[in-house]
Structure formats: structure tokens, C-alpha cells
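Everything below concerns the one structure shown next.
The values are calculated or read from the model by the stated rules, or taken from the named source; none is laboratory data. Here the structure is a predicted model, which is why all the values come from computation and not from measurement. Cβ coordinates were reconstructed from backbone atoms using ideal geometry, including for glycine residues, and neighbour counts include every protein chain displayed. Calculation scope for accessible area: heavy atoms of the full protein, side chains included, ligands and nucleic acids excluded. Shrake-Rupley method; radii C 1.70, N 1.55, O 1.52, S 1.80 Å.
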Amino acid sequence: MVRYPSTEIPSEDRTYYITTPIFYVNAAPHIGHLYSAVTADYLHRYKLLRGFKSRFATGTDEHGLKIQQAAHAAGEEPLSFCTKVSERFRHLFLTCNISYTDYIRTTEMRHHSAVEHFWKVLQSKGFIYKGSYEGWYSTQDESFLTPSQVSNATDSSGKEIKISLESGHKVEWMKEDNYMFRLSGFRSQLRNWLEGDPRAIQPERFHRAVLQWLQEDLPDFSVSRQRNRLQWGIPVPEDPDQTIYVWLDALVNYLTVAGYPDAHSKWWSSAHHVVGKDILRFHAIYWPAFLLAADLPLPQTIHVHSHWTVGGKKMSKSLGNVVDPLERSQRFTPDGMRYFLLRQGVPDTDCDYDDDKVVKVLNAELTDSLGGLLNRCTALSLNPTQVYPHFCNDSFPSQWAEAQEGRALERKASAEDYHMLESVRALPSMVEQHYESVHVYKALEAISGCVRQTNGFVQRHMPWKLDRANSRDQKWLDTILHVSLECLRIYGTLLQPIVPEIADKLLTRCSCFSIMQAMLMSRDPQQNVTCGQQDEAFINENGHGFILKMT
């Protein structure tokens, strides 16, 4: 593994816990699920590169009326139905190198125990009470809705129906005796939390949206369903006639993985969530309210992303435009899909998926630009000994001003070359900033720009036209390759969280060249060392961010 320098963080603070939403198993995974997973995965890998102890959780949400109905329609027992679909998610994540440390299923006993304990804590503190719920309910969303969240519509037969404004799914009027949660008492605390921490929900657009929701009253809401209507779920403790509401059940998964109710504080204090915008209300209002009621810390950050569309339309079975992420990852390679989703995904706006766009992006930025640069630098025609050539300070002085002072016969570097080096020196800190803010597309845009500059450097000086028999040309050729390989090593290191297989191959290639050079040097210490003693001084002179050391 290659690590790159960053600001030192006290060891006791170097823990990081990242989660995806756990995915509902009523249908097969789609491209949006994979986008959530690769977003959390790059954050996990990035934190590991920075030396953190990181935990990464994903999994499947397997209770609820929707699952009960889907299993019945398929003629299967609910658990076997859930297991089959859950394995499809697990297989997709394995295929796409999603490096989770914990895969949680809400049908596991450890989760069952955590949910029961959490319920009892809320009930003992007086935040859950027996009551009656009357209002709108969406089975498709497993969601209770207020009148302001519902609108009139017509179905395919022209019949008037009520739908959820957020999802567009049909809602029905429901009246039940069940358990209620005192959500109304947490409105001011939630507002204080968000107003006091502008980075609690990112991007800013979604932070503002939640604050806007909190301008309205928060009515108490139901946290159970009658058992005669919903059998597939965790029973309410000491009341077998009631089933715990699927969202309360599902949200507790984040605590289950952290070790709740026992040794959970180490991980829970550094929790971060990745969620789609369609489930923001559950994660930004209901979940924090549950946590406040249980006297538990709130998540550090809720990272929200928008949807993937096809042809500008939301993916749906009825339109026949659902993108199969497993099939696409097999067609475009797992790293290819990871790169495309993170390169094109903009968290605060919906993004459109198109196969032709995938091919265009991958060919331009990975195959032609990055791959072409590596192939040039490692080609036998340019590097017949397959080593990491030495840098020559006479050909490429450490400063442009120095290069203009009386050494015109030796100087080969141009002003554009120094500009390229400055861009590459600044790249690690820029990428770190964008990785931290989950603006991955900006980080990849910056890396791609530097790769283009390095290709321009090689093309500008055309090392294949240099005369190897001429000692000055040979030094300049070696210098061109040395600088290009150093740049490639930086790009490979920074791309590790995004395209782990490609980055590993690139860095392994560079490492093999370094090992070969060391072997040759051990046999003949004088071989190819002319100007070589200047390597470290030049590369490191303007900051540690440029050269990246293998560890």
C-alpha cells in the first residue's frame, strides 16, 4: 500500500466509520445502489491510506410489508426470498471491489437484539407511548406522511389517487392502534444541531432543505404496525401483537455494526453516512431524533447524493430503462464502472447514465491518457533496460530562473515543464480536499488534467527522437522518463481509492522498475549515476507533496 503525506491527526482520533444505507431487498440492485457503495468505498480506502482505522458497513434491509408481499407473490418464505436477493447485492459488491468490513442483514440475531435494546431505551425514557395513528401511508416507501407531503394524481386507468410528493408512489389512508414516537419534542434540538454544524449534512443544498422541513411542525409518528397486518418484522418487546416499524428497525443497523449496545462508542463517535436524497428525511430527521432520545451522539456527517437517470428519466421497470450494474461492470470492468460513476456523479444534481458516455470517458481518461502515458514510459524502445532512470539536474534545473542562467547548452526543460511540475506538486493536497468534501468528480478532473499535462511534456520533447549515442541526449531521455514515472506514481497513489486494480498494476509496474534499478546499482554502483545524486534534492525541494514514497 502507498501512503501520501497529510496533516498529522492524534492517534486517538484516527477512527472512521462509514456506512451505506442498507439496501431494500424487494428488487435486484441497480446503478444507484452501486453509486452509494462506491462512494462509501472510496472514503473507506482513502481513510486507510491516511492511516486511519476505518470500518465500512453495508448490507440489506429485509423486513417490512413490501418484503412480505413480494415474497408471497414469488411463492417463497420471506427469509429465503431475502437471502436470495441479499446475495445478489453481496455478489455485485464483491465483483466491484467494495471493501466493506461488515455486511449486515436485518434478519440477523445480533441486529434483532440491538433493535430490542434500542426500543426499550426509548420506551423507558418516555419517548414511545401507546396511541392511535390515522393518516397517509405509502407501502412502497414504508413511510408515514403528513397531509403536506401528499398530492392528488391519477393512476394508469384514470382513477384518482393520492401520491407521495417526494417519491410519487401511491399512498393509502390508514388507521391503527400502535406505538408512537414523540418526534414533536425534537424540532428545536434538530434545528440547533444543523444551524450549529453547517457540515452535518452535505452538500449544502440538502442541509438547507432539511432546515426548511424543520420550519414546519413535526407530528409524533407511528413506530409500530399491528402484527395481524405485518408479520415479517421484529416484534415489539413485551407486546407480540405489534411489529416494530421497518425504518426504526433498519436505521439501528448502523449501531448494530458499531457494537451496540455494548462496546460501540469507539466507532459510533466517528460515524458518517452515505445516503440517496430519497431517504434524506429518514436519516436527517427521524434518525437524529431517535439518537437524541437515546442519548447517543449524532452522526459526524450525512453525505447525500442525487439520483442516476437514463435519458433524463428515472429508472423503472415499466419504462424498461433500469441499468444492471453487474452486467455493466462485466462489460466495462469493475474499475471502469467505479471510475465512471465517481467521475460523472455530482452529488447535488441528478446525473444521466449512458453506455456511450461510459466508453468515451474510459477511453479518453484511463485507456488513452493514463494507460498511454504508462505504456510510453515503460516501452522497450524508450527504456530498454526497464529501469527507473536517473534524473539529471543539468537538463532540468530546480528553478526556471536557474535554467536561464548561462547553461543554455545543457538546458532542455521549458517553462511549460515547470508549470506542469507545479501542478503535480499541488495535486495531492487538492485531491485530499476534494476527497474529504466528497467532490470526487473534482478530484478526478484535477488528476486527469495533470495526466494530460504529463502526456504533453512527453509529446513536447519526443524522447523517441533523441540520439542515445549522444551523452547529453541520453541524460535528457532519462530525465524525461524519470519525471514522467514520478508523475505516474503520484497519479497511481491518488487513484487507489477509486480504481484499486488499475492503481495497483500501475504502482507495481513503477515499483518493479525501482527494484530493477536497485539491483543494477548493487552490481555496478557507477552505472547511470551521472547527475543522479541530484534526484532527491530537486524533487523534494518545493514540498513533500510531489514525491511519494513507497511504504
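Across region 184-193, not a single residue is classified as closer than 17 Å to E134 by Cα and in a strand (DSSP E or B). Considering region 155-176, the residues that are hydroxyl-bearing (S, T, Y) and either open to solvent by less than 40 Å² (accessible area, probe 1.4 Å) or at pLDDT 80 or above (or both) include one that is nearest to A250 (Cα to Cα), namely S167.
Taking the criterion of being touching a residue at least 24 places away in the same chain (Cβ under 8 Å), farther than 21 Å from S143 by Cβ and open to solvent by less than 10 Å² (accessible area, probe 1.4 Å), would at least one residue in region 271-294 satisfy it? Yes. Taken over region 58-75, the residue count meeting the criterion of being open to solvent by less than 50 Å² (accessible area, probe 1.4 Å) and either touching a Cys at 6+ places or on another chain (Cβ under 9 Å) or in a helix (DSSP H, G or I) (or both) is 9. Candidates in region 81-132 are the residues that are farther than 21 Å from S54 by Cα, in contact with a strand residue (DSSP E or B) (Cβ under 7 Å, 6 or more places away or on another chain) and not in a helix (DSSP H, G or I); of these, the one that is modelled with the lowest pLDDT is S132. Under the condition of being part of a loop (DSSP other than H, G, I, E, B) and either without any contact (Cβ under 8 Å) to a residue 12 or more places away in the chain or over 30 Å from R199 (Cα atoms) (or both), the residues counted in region 210-252 number 11.
Considering each residue of region 442-462 in turn, none proves to be in contact with an Asp or Glu (Cβ under 8 Å, 6 or more places away or on another chain), among the hydrophobic types (A, V, I, L, M, F, W, C) and part of a loop (DSSP other than H, G, I, E, B). Here the condition is being surrounded by 24 or more Cβ atoms within 10 Å (Cβ to Cβ) and within 16 Å of T106 (Cβ to Cβ); of T83, T19, it holds for T19 alone.
Here's the yes/no breakdown for (1) over 16 Å from G32 (Cβ atoms); (2) in contact with a strand residue (DSSP E or B) (Cβ under 9 Å, 6 or more places away or on another chain); (3) at pLDDT 95 or above:
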| position | (1), (2), (3) |
| --- | --- |
| V236 | yes, yes, yes |
| V246 | yes, yes, no |
| L251 | yes, no, yes |
| T256 | yes, yes, yes |
| W267 | yes, yes, yes |
| K277 | no, yes, yes |
| A293 | yes, yes, yes |
| H305 | no, yes, yes |
| L326 | no, no, yes |
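Scanning region 380-398 for residues that are open to solvent by less than 20 Å² (accessible area, probe 1.4 Å) and hydrophobic (A, V, I, L, M, F, W, C) gives L382, V387, F391, C392, F396.
The requirement of being closer than 13 Å to A284 by Cα and in a strand (DSSP E or B) is fulfilled nowhere in region 158-181; no residue meets it.
Counting only residues that are among the charged types (D, E, K, R) and closer than 27 Å to D348 by Cβ, which one in region 205-259 is most open to solvent (accessible area, probe 1.4 Å)? Going through the qualifying residues, I end up with R208.
Looking only at region 109-157, residues that are touching a helix residue (DSSP H, G or I) at 6+ places or on another chain (Cβ under 8 Å) and within 21 Å of A70 (Cβ to Cβ) come to 5 in all. Inclusion of L421 among residues that are closer than 30 Å to L43 by Cβ, open to solvent by less than 10 Å² (accessible area, probe 1.4 Å) and assigned to a helix (DSSP H, G or I) is warranted. Screening N321 on (1) open to solvent by less than 40 Å² (accessible area, probe 1.4 Å); (2) in contact with a strand residue (DSSP E or B) (Cβ under 8 Å, 6 or more places away or on another chain); (3) at pLDDT 95 or above shows it passes everything except condition (3). The set of residues in region 320-330 that are in a helix (DSSP H, G or I) and free of Cβ contacts under 8 Å to residues at least 24 places away in the same chain contains only E327. Quick one: in region 99-110, of everything that is of a type outside the set (S, T, N, Q) and touching an Asp or Glu at 6+ places or on another chain (Cβ under 8 Å), which residue is surrounded by the fewest Cβ atoms within 10 Å (Cβ to Cβ)? Taking the candidates together, the pick is R105.
Restricted to region 169-184, and to residues there that are free of Cβ contacts under 8 Å to residues at least 60 places away in the same chain and within 34 Å of the chain's Cα centre (by Cα), the residue that is farthest from S138 (Cα to Cα) is S184. Within region 493-501, none of the residues are surrounded by fewer than 20 Cβ atoms within 10 Å (Cβ to Cβ) and modelled with pLDDT under 95.
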